[in-house]
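For reference, the structure is listed below as structure tokens.
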Amino acid sequence: LEAKVTGSDTLLTIVHGGVSDFKGDAIVNAANTGCLGGGGIDGLICDLGGPTLAAAREALPLLRRCEYGQRCDTGDAKITVAGDLACDYVIHAVGPRCCNYGPFDVDLKVLADAYKNALLRAEAEKLSKVAFCIISAGIFRGGCPLKMIVDTGIKAIAENTYSGLER
């Protein structure tokens, strides 16, 4: 499925599959606050990126000392080199751990911020092709319906495109 984002030159393409094979400027990873690799897509990206990506993630400055060290706030994003992946950068966006029972308004606002901040990192690097996985759609989803998670992500991407973002 492809469509131009209204009021933008950006083409939004929705594909079935993973971002780990994306050949473009950057992939957006669904990271945890430690930014060191977790389960799901984050673990896969970390593994495929190899030692260079792992070192870049570990080199992100600590914001807070805790069990794993916090390198990124929930709703924010950090950018690193991609290591052995087919792209140049990985943008590590931290979505919320949605609660098991609604309302989900606060969680979805924080989720939208994670997408927005990922695009701000991409814009700062003048990236033209960026692939997103679905943030907070795995174990972080809690009881939030997947449709709400996906709709929030698509809307946040559409609202935060920038000049030069082609796809």
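Here are the numbers:
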quantity: Environment charge at C133 (Cβ cut-off 14 Å; Lys +1, Arg +1, Asp -1, Glu -1); calculated: -1
quantity: Length-normalised contact order of the range 39-100 in % [C-alpha pairs under 8 Å, at least 6 apart]; calculated: 30
quantity: Among N29, N117, N100: highest mean-square fluctuation, GNM of the chain, C-alpha pairs under 10 Å; calculated: N100
quantity: Total formal charge among the other residues, if their Cβ is under 13 angstrom from that of P61, Lys/Arg +1 and Asp/Glu -1; calculated: +2
quantity: Local electrostatic count at K78 - Lys and Arg +1, Asp and Glu -1, tallied over other residues with Cβ under 11 Å; calculated: +1
quantity: Which listed pairs, of K23/K126; K116/K155; K4/K78; K109/K147; K23/K129, have C-alpha distances above 20 Å, in listed order; calculated: K4/K78
quantity: Surface share of carbon and sulfur [accessible, 1.4 angstrom probe, percent] for the chain; calculated: 54
quantity: Sequence-distant residues sharing a close amide H with F132 (under 5 Å, placed H); calculated: V28
quantity: Within a Gaussian network of the chain (alpha carbon springs, distance under 10 Å), most fluctuating of Y68, Y101, Y89; calculated: Y101
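The values are calculated or read from the model by the stated rules, or taken from the named source; none is laboratory data. None of the values given here were measured: they were computed from a predicted structure. With ideal geometry, Cβ positions are generated from the backbone for all residues, glycine too; neighbour counts draw on all protein chains shown. Keep in mind that these areas ignore ligands, DNA and RNA; they rest on the heavy atoms of the full protein, side chains included. Shrake-Rupley method; radii C 1.70, N 1.55, O 1.52, S 1.80 Å.
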